[in-house]
Amino acid sequence: MNNKDYDKEYFARYLQKSWYSRLPKGERCRSRFWLKRYLKGAIGSGAKILEVGCGLGFLAKYLEDTFEIIGLDISKYAIQAARNRAIRACFLVASAERLPFKPEIFHGVIALDVIEHLKYPEDFVNDTFDVLKKGGLLILRAPNLESYGARKKGDASFVWGDKTHINVRRISEYREVLRKGGFTIIKDGTDTLWDVPYWKFIPAFLQKCLLISATIILAFLFGFFSWHHGENYFCISLKK
């Protein structure tokens, strides 16, 4: 990862609005409602949580009223924006492959759309294991190389639309990295089909209406599912 790769131009996409919402893309994290509910039930309100790859601070802002949030990103631009957005969270510029924290200080670590950007994801997983308390959780999300969209669309898939996606892996490979890092996987799966359009014979607008609407509802209720065809891989793993 290189700070220069994650500048204002890179993060501009997260400020864009959509045909179906007036909220910027970064604030439309489809799984944030489920994520907050899950964390409250699993580790409790007031828990100390590290968000690795916090970007512009949208998720930190949503979580900061319930948890003690520390946000980390390699981008100086993103961290400055996050500090202005989430005023109760704490943010710092650092690499995900070398976490600058003492051992066993966090109850949870969130890493959404991070591991695919790392040259050495094993270093991130090992460091995450070290900074988590016993019983702490790592919640991971990454592009699914085995998704319906990746297989059908090939180079046109969102997986390859970002030049900084340098380490996209198969589900079995993500699992292996986590297990070698000492984690016990307690639940994993994928989300839904949202990388529209998929089919030439169905109007793109109709695909967006049907699939994006379903994605919003299902992500709010369940987060992810026990199947391998969704666009993103999700994993909840435990430090015993």
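Please treat every number below as a calculation from the coordinates, not as lab data. Note that the structure is predicted; figures quoted are calculated from it, not measured. Backbone-built Cβ (ideal geometry, glycine too); neighbour counts: all protein chains shown.
Observations on the structure shown:
- Placing R0 at 30 angstrom, the Cβ-Cβ distance between Lys152 and Asp5 gives a FRET efficiency of 0.60 after rounding to 0.05.
- Peptides 126-136, 108-118, 230-240 ranked from most to least packed give 108-118, 230-240, 126-136, packing being the mean of other C-beta atoms within 10 angstrom over each peptide's residues.
- Taking the Cα centre of the chain as origin and assigning +1 to Lys and Arg Cβ atoms and -1 to Asp and Glu Cβ atoms, the resulting dipole is close to 520 debye.
- Summing +1 for each Lys or Arg and -1 for each Asp or Glu among the other residues whose beta-carbon sits under 11 angstrom from that of Asp5 gives -1.
- Cβ-defined net charge surrounding Ile105, 11 Å radius [Lys, Arg +1; Asp, Glu -1]: 0
- With helices as the sole contributors, the chain gives -8000 deg cm²/dmol at 222 nm; each DSSP H run of n ≥ 4 counts as -39500 (n - 2.57), and the sum is divided by every residue.
- The residue list Leu145, Ala89, Leu132 was ranked by how far each Cα lies along the charge dipole of the chain toward its positive end, using unit charges on Cβ atoms, and Ala89 comes out on top.
- Dipole of segment 3-238 [Lys/Arg +1, Asp/Glu -1 at C-beta], most positive-end residue of Val52, Ser75, Ile217: Ile217
- R0 of 22 Å, Cβ-Cβ distance Glu176-Lys133: FRET efficiency to nearest 0.05: 0.35
- Taking the chain and dividing mean pair separation by its residue count, relative contact order in percent (alpha carbons under 8 Å, at least six apart): 19 percent
- For the chain, with +1 on Lys and Arg beta carbons and -1 on Asp and Glu, the positive-most of Ala111, Trp199, Ser18 along the dipole: Ser18
- Between Ala204 and Ser45, the modelled labels are 4.5 nm apart [label points 7 Å from Cα along Cα→Cβ].
- Listed pairs Lys102/Lys239; Lys40/Lys133; Lys187/Lys208; Lys76/Lys187; Lys8/Lys152 exceeding 23 Å between Cα atoms: Lys187/Lys208; Lys76/Lys187; Lys8/Lys152
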